[in-house]
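Structure first, then comments.
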Amino acid sequence: MAKDLVLIFSGTGCPVYLCIVHAFKAGVCISTTVRRESAIAQIKAAPSVQAYLDDLEVVLIQDNTVDDAFLQALQGVTYALHVASPLPSQISDYNVALCTISAPFSNFKDHAKQPFPRPATSNPTQSHQPTIHGTTSILTSAIAVPTINRIVITSSILGEDENAIYDETTLAPPPVYR
């Protein structure tokens, strides 16, 4: 039986990279997208994916705001996971430095205690609009791909109040199932 191909967008983000590692452990093939060519080697060099390199594809998409930017990356994909949207460059660069994906995640909790910088801009054209257009581009591209069974999209930090401070005390309580 052939393995499902799962596309996980933006492979260099901390939460995204952890999803990639867990998906490999679940036994699927992974395709992920990156915006910088240098990130391809960075992901492939990470110790936690070495056992899965034959099942890993990294796709370069430099401008996710272009219509159908994701059409080629979605070909043959069964499931797609969009965990978080790209952030303005100041945070995006910090995110890569925070994760240091070429090293094991054993010290992630120590890194997570560091203050999270605010976006370099509060201009919605530079932050929210690319997020909205990138997400809609994923969905419009997916319409043309018959192999896709499901797409999961979660929010970005850009959807949050820019003046609020988020830490372990601001997390919502777990849901109560009855």
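The values are calculated or read from the model by the stated rules, or taken from the named source; none is laboratory data. It should be emphasised that the depicted structure is a prediction, and the values quoted were computed from it without experimental measurement. We place every Cβ from the backbone using ideal geometry, glycine too, and count neighbours over all the protein chains shown.
General observations
- Every pair of residues 6+ apart whose Cβ atoms lie under 9 Å, when the first sits in region 146-162 and is at negative phi while the second is β-branched (Val, Ile, Thr) and modelled with pLDDT under 55: ILE157/ILE91
- Selection of region 26-41 for residues being among the β-branched types (Val, Ile, Thr) and within 18 Å of VAL66 (Cβ to Cβ) yields THR33, VAL34.
- The test for being part of a loop (DSSP other than H, G, I, E, B), of a type in the set (Ser, Thr, Tyr), within 22 Å of CYS19 (Cα to Cα) and at pLDDT 65 or above holds for SER85.
For (1) without any contact (Cβ under 8 Å) to a residue 12 or more places away in the chain; (2) more than 12 Å from the chain's Cα centre (by Cα); (3) assigned to a helix (DSSP H, G or I), each residue gets a yes or a no:
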position: ALA2; (1), (2), (3): yes, yes, no
position: LEU7; (1), (2), (3): no, no, no
position: PHE24; (1), (2), (3): no, yes, yes
position: SER38; (1), (2), (3): yes, yes, yes
position: VAL49; (1), (2), (3): no, yes, yes
position: TYR52; (1), (2), (3): no, yes, yes
position: GLN62; (1), (2), (3): no, yes, no
position: ALA73; (1), (2), (3): no, yes, no
